[in-house]
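Comments concern the structure below.
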Amino acid sequence: MIPTLRTARFLRTYLRDGAGAFREEEMFVEVAGERREATLYLPDRPRPAPGWVVLHGLTVPGRRHKAMTRFVRSLAGSGAAVLVPDVPAWRELRLDLEAARQTIAAGAHVLAHRPEVRPGGVGAIGFSFGATQAMMAFADPDIRRDLKAVVSFGGYADVRRMVNSLFTGEHEWDGRTEHVDPDPYGRWIMAGNYLTRIPEFAGMQAVQRGAHALAMEAGRRGDWSWDPVYDPMKADIRRTLSPAEQRVWDVLAPATDAAPTDPALVRHIADAFVTALLETDPGLDPRPRLADLRGRVVLSHGRADRLIPYTETLRLQSLMPPAVDTSVAITGLFAHSSHAGWMHPMDRVREAGLFIRLLNQALAAV
């Protein structure tokens, strides 16, 4: 696959660890009546550029996340204007479902009125939780006035399947079941938001606070959430809990060397979370909104993803209506919560070709 000029510029900046021909401006964006911090990246080019609003995921660093900063700088290096607003609730690991629509609407409006951005609409890029939320926002006709395309990295399609995978590691596509060692970060966020919404766990505020604190600590440290470095914190929290609470805690945050938990209990808790999520926040389910999508959608996922399995992006593709111009790339070069492992050189060449195709498709979307 031959890279386009934009893709070649992106890759050049990416390989330079985000150093390129662009400038950064700190600014504020008015989002739902609030002033929000944002970073604007503008290419050093005389003519109007494509514009992109980028949504970070549920992450404490927000727009300062190291991997995302490298990505957005590379996007600016490709010759694009890129706006990255902070989503305060998401930085606190709270599932604010209105945040994506409000942030994209505000950011797209700002870019559409910047002289550095060429007219005709801008694009939105969402990562992780923000990916699916960006697609749901794109289904709103009012949002599409300024927005012409969405690029999704690591989104989900089915809440029940996604939550089940967070607990069991199982995921399925086209009749084939696969298994990963699930990233516990997702369980901590689920528990930090919804544990006490489950009737049998309604009194377990200490477990909920502990899970949220653990997720926040992982976000601040930046170490993989399955790293033994968190075992002392897990043990300290566990000692403050009752025996019944410890039983739940051992499903949510077992020590790295702990024996496997009772599978029946794991599935019971996973099912209870699904019910609590959909009763509390039915807007977490994207499927009712996807039929309203129009325009251009580019879907991507890491094959080795341990947080949200890649099969969720294949499921998203299957749910796209005919009115959507869709492309999809499943790659072995990146994932939510792990780097690519060892690859045979020929496999790496093939994966590099897939990644270049993804970039060609994404960067051409606006």
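The values are calculated or read from the model by the stated rules, or taken from the named source; none is laboratory data. This is a predicted model, so every value here is computed, not measured. So basically every Cβ, Gly included, is an ideal-geometry build from the backbone, and we count neighbours across all protein chains shown.
Laid out as a table, the results:
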{"quantity": "Matching residues in segment 142-160 - criterion: being in contact with a helix residue (DSSP H, G or I) (Cβ under 9 Å, 6 or more places away or on another chain) and in a strand (DSSP E or B)", "calculated": "Leu147, Ala149, Val150, Val151, Ser152, Phe153"}
{"quantity": "Looking only at segment 21-36, and only at residues there that are touching an Asp or Glu at 6+ places or on another chain (Cβ under 9 Å) and among the small types (Gly, Ala, Ser), the one that is modelled with the highest pLDDT", "calculated": "Ala32"}
{"quantity": "Residues satisfying the stated conditions in segment 32-75, i.e. in a helix (DSSP H, G or I) and surrounded by fewer than 18 Cβ atoms within 10 Å (Cβ to Cβ)", "calculated": "Arg64, Lys66, Ala67, Arg70"}
{"quantity": "Unmet criterion (only one of (1) surrounded by 19 or more Cβ atoms within 10 Å (Cβ to Cβ); (2) in a strand (DSSP E or B); (3) outside the structural domain of Trp52 (by TED's automatic domain parsing)) for Gly123", "calculated": "(3)"}
{"quantity": "Cross-chain or 6+ apart pairs with Cβ under 9 Å, segment 13-31 first and surrounded by 14 or more Cβ atoms within 10 Å (Cβ to Cβ), then in a loop (DSSP other than H, G, I, E, B) and modelled with pLDDT of 90 or more", "calculated": "Thr13/Ser78; Gly20/Ser78; Phe22/Gly79; Phe22/Ala80; Val29/Asp86; Val31/Val87"}
{"quantity": "Flag for Ala19 being among the small types (Gly, Ala, Ser), under 25 Å from Phe355 (Cβ atoms) and outside any loop (DSSP other than H, G, I, E, B)", "calculated": "no"}
{"quantity": "Segment 268-290 - residue that is small (Gly, Ala, Ser) and modelled with pLDDT of 95 or more and, of those, nearest to Trp224 (Cα to Cα)", "calculated": "Ala270"}
{"quantity": "Segment 235-271: number of residues that are among the aliphatic types (A, V, I, L, M), within 17 Å of Gln208 (Cβ to Cβ) and in a helix (DSSP H, G or I)", "calculated": "7"}
{"quantity": "Top-ranked residue in segment 91-106 [being touching a helix residue (DSSP H, G or I) at 6+ places or on another chain (Cβ under 6 Å) and either crowded, with 22+ Cβ neighbours inside 10 Å or aliphatic (A, V, I, L, M) (or both); ranked as nearest to Leu284 (Cα to Cα)]", "calculated": "Leu97"}
{"quantity": "Conditions (1) crowded, with 23+ Cβ neighbours inside 10 Å; (2) among the small types (Gly, Ala, Ser); (3) without any contact (Cβ under 8 Å) to a residue 40 or more places away in the chain; (4) assigned by TED's automatic domain parsing to the domain that holds Ala270: number failed by Ala137", "calculated": "(4)"}
{"quantity": "Segment 184-225, residues that are of a type in the set (A, V, I, L, M, F, W, C), more than 22 Å from the chain's Cα centre (by Cα), buried (at least 17 other Cβ atoms within 10 Å of the Cβ) and closer than 15 Å to Asp250 by Cα", "calculated": "Phe201, Met204, Val207"}
{"quantity": "Filter result (assigned to a helix (DSSP H, G or I) and more than 17 Å from Ser152 (Cβ to Cβ)) within segment 76-97", "calculated": "Ala76, Gly77, Pro88, Ala89, Arg91"}
